[in-house]
């Protein structure tokens, strides 16, 4: 599997990260810089504000200096954007780019708080979005797996992104199926009166999805698991405490009132203990 492989989520674009000068934003900048280094991509640091003020340049200069000190091999470019925070990130990202945003911040980046900017970017972006959650120690967990949450063929791009991330980290890939099983427990399982049959179908679906990934990433340690849990979101949040990265396809229900993201995606972006990557579903 090369950088132009299945799903179109792994390419030769840039890593684009937003900052507002806060500690959490700096954590996201450094996460993005580390990711740019392992993927051999350039980094773009974006400050979005509708009012141009002197502090904007100071925030960008501080982020640039930190990246250049810790990741001197990464080409980094500052960008001051007159749009709102979410708009500036979505507009800046090209088709092959990876977007990175922190989980909370200050008001300088138009309140870069998850629940506003992070959720809007994840809901609108056409490219993969990483929300940097957790304490930051997940990067220091040797051997910590990359967890991919899958349900059906719509998650194929997310699965390939997760496989590439695991390969770059020299870590195992843990493929988890929970959502469809849990949905079926209350419906299909009642019809067939056989939960084991539902679970068996889930395992077969997951194995079918993973089969080409095993072929393309022959040296990668891949673990498949169907989780019989009462809450898919809760199960994945628990797994995030032992993971380096959690990857999932974006759930964007049509005609949804409130959040444009599905319940599981929304919950993980609010409560995951490690960075979460949201991949647009096709």
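Here are the numbers for this structure:
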| item | result |
| --- | --- |
| Some residue of region 40-49 being modelled with pLDDT under 95, in a loop (DSSP other than H, G, I, E, B) and touching a helix residue (DSSP H, G or I) at 6+ places or on another chain (Cβ under 7 Å) | yes |
| Candidate set from region 52-103 (those that are assigned to a loop (DSSP other than H, G, I, E, B) and without any contact (Cβ under 8 Å) to a residue 24 or more places away in the chain); member that is nearest to residue 35 (Cα to Cα) | 72 |
| Check on residue 202, under 24 Å from residue 278 (Cβ atoms), modelled with pLDDT of 85 or more and in the same structural domain as residue 266 (by TED's automatic domain parsing) | no |
| Any chance residue 145 is modelled with pLDDT of 95 or more, surrounded by fewer than 20 Cβ atoms within 10 Å (Cβ to Cβ) and within 28 Å of residue 212 (Cβ to Cβ) | no |
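The values are calculated or read from the model by the stated rules, or taken from the named source; none is laboratory data. Since the model is a prediction, treat every value here as computed from it, not as a measurement. Neighbour counts are summed over all protein chains in view; Cβ atoms, including those assigned to glycine, are modelled from backbone coordinates with ideal geometry.
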